[in-house]
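The values are calculated or read from the model by the stated rules, or taken from the named source; none is laboratory data. From a predicted model like this one, the values you see are computed outputs, not experimental measurements. A quick note on method: Cβ atoms are made from the backbone with ideal geometry, for glycine too, and the neighbour counts reach across all protein chains shown. We work out accessible area using only protein heavy atoms, side chains counted, and drop any ligands, DNA or RNA first. Shrake-Rupley method; radii C 1.70, N 1.55, O 1.52, S 1.80 Å.
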Amino acid sequence: MNKLSKSVSWPILTVGAIVTMVVSLSVHAVMLQGFHVPYPSGFPSSGWARLPDGILSAFGAIYLSAHLPESIRRRSFVLRCGLVFLMLATIRETFFRDPFMEFINLSNFTLYPFLDNVPNLLPLAVIAIGVESWTRRRHRFIANVVAAALLAAIAGLLVQPLADHAFAGVTAFTESREGHQRYGLPYDWHILVPAYLTFLEPVIAALVIGGAVRNNLPRKSLTRFGITAALIVALKGPVVAPFINIHYANTGPLTAFLSFAQFSFETMVLGVLAAATVQLAFRVD
């Protein structure tokens with residue numbers, strides 16, 4: 001039996017993953033379909049409005065990288081960048097779930113949504129490279145905050161707009177060939193079933209992140225639980241966007257707040273349940 005098998009209770013991990021998947025996504029599903037809270041509208045895809053959550057995510061990535069096991073920290077720079085990028089992309093559902101959910105709702109069943117998704121992956125790659133360059137040495141808290149702000153600004157204010165502009169022609173080409181949306185609100189099983197199943201992407205990412213950092217967190221169980229949950233929330237978000245959306249949405253303030261907060265509440269539940277699962281399923285060495 002290998003070291004990983006000795007450190008993990010697989011039945012608890014499996015049950016915890018399923019519960020986390022169902023409960024956390026149901027927060028968003030119930031608010032959207034049961035209480036008819038609309039999707040956010042008018043919120044910019046890049047720019048200053050996205051910066052506060054971008055800083056939180058970048059800081060979370062710095063914290064994550066600095067608290068990875070030493071066996072990973074000793075690996076090559078390229079491998080570490082790839083791991084951080086993969087964790088960022090999966091917990092934010094950018095790697096697979098977002099383009100897949102668009103793919104299954106298109107009348108033409110094309111793979112173009114995965115091509116359209118490339119501009120959203122590039123800023124995460126930049127953050128991963130910047131994080132691993134920065135965490136080669138230990139830095140104080142304030143220095144990490146400044147580095148996170150700089151990385152978020154580069155990724156959100158420079159790389160994302162440039163990537164969107166560079167792919168504008170590609171996006172226009174693909175949109176004309178993707179067909180129309182087959183299903184709309186209220187969604188039935190054609191959307192709900194794959195939505196729940198593919199939500200395993202951020203759930204698995206959250207559990208991997210929590211399991212990876214567990215040995216480098218404080219030994220007190222409650223503190224370790226709180227840091228793990230907060231780290232997951234910071235990496236995935238949104239945290240600040242619901243408040244900023246009040247300025248951009250053409251609805252009342254409460255509706256504007258809730259339209260983004262449905263994803264915030266979903267992430268909070270994900271963070272709490274994933275942290276609890278890690279606490280119960282993983283042994284601290």
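Please name whichever of Val203, Gly169, His28 sits farthest to the positive end of the charge dipole of the chain, dipole taken about the Cα centre and charges placed at Cβ: Lys and Arg +1, Asp and Glu -1. Positive-end residue among those listed: Val203. When the solvent-accessible area of segment 167-232 is split by element, carbon and sulfur atoms take up 68 percent of it, the probe being 1.4 Å. For the chain, the extents of the C-alpha atoms along the principal axes are 52, 40, 38 Å, listed from largest to smallest.
The charge dipole of the chain, taken about its Cα centre with unit charges on the Cβ of Lys, Arg, Asp and Glu (plus for the first two, minus for the last two), comes to roughly 1520 debye. Annotation for Glu70 and Asp285: the two label points, set 7 Å from Cα along the Cα-Cβ direction, are 1.0 nm apart.
Projecting the Cα atoms of Ala148, Ala261, Pro194 onto the charge dipole of segment 126-266, computed from C-beta unit charges around the Cα centre, puts Ala148 farthest toward the positive end. Once the Cα atoms are used to define both axes, helix 10-29 deviates from the longest principal axis of the chain by about 30 degrees. Its DSSP H runs of at least 4 residues, each contributing -39,500 (n - 2.57), put the calculated 222 nm mean residue ellipticity of the chain at -21000 deg cm²/dmol, to the nearest 500. Modelled label positions at Met101 and Thr251, each set 7 Å beyond Cα in the direction of Cβ, lie 1.6 nm from each other.
Using r as the Cβ-Cβ distance of His180 and Val15, and R0 as 51 Å, what FRET efficiency do you calculate, to the nearest 0.05?
Numbers: r = 40 Å, r/R0 = 0.78.
Approximately 0.80, to the nearest 0.05.
Let me know the charge dipole size of segment 1-144 about its Cα centre in debye, to the nearest 20, where only the beta-carbon of Lys, Arg (+1) and Asp, Glu (-1) is charged.
920
So, for the chain, what is the accessible surface per residue at a probe of 1.4 Å, expressed in square angstrom?
Heavy-atom SASA per residue in the chain reads 50 Å².
Each peptide in 212-221, 167-176 was scored by the mean count of other Cβ atoms within 10 Å over its residues; highest first, the order is 212-221, 167-176. Compute the acute angle (0 to 90°) between the alpha-carbon long axis of helix 118-134 and the principal axis of greatest extent of the alpha-carbon atoms of the chain; round to the nearest 10°. Here the helix axis deviates by roughly 20 degrees. Label-to-label distance, Val30 versus Arg138, with points set 7 angstrom from Cα along the beta-carbon direction: 4.4 nm. Protein heavy-atom surface of segment 3-57, 1.4 angstrom probe: 74% of the accessible area is carbon and sulfur, with nucleic acids and ligands not counted. To the nearest ten degrees, helix 200-213 and the longest principal axis of the Cα atoms of the chain are 20 degrees apart.
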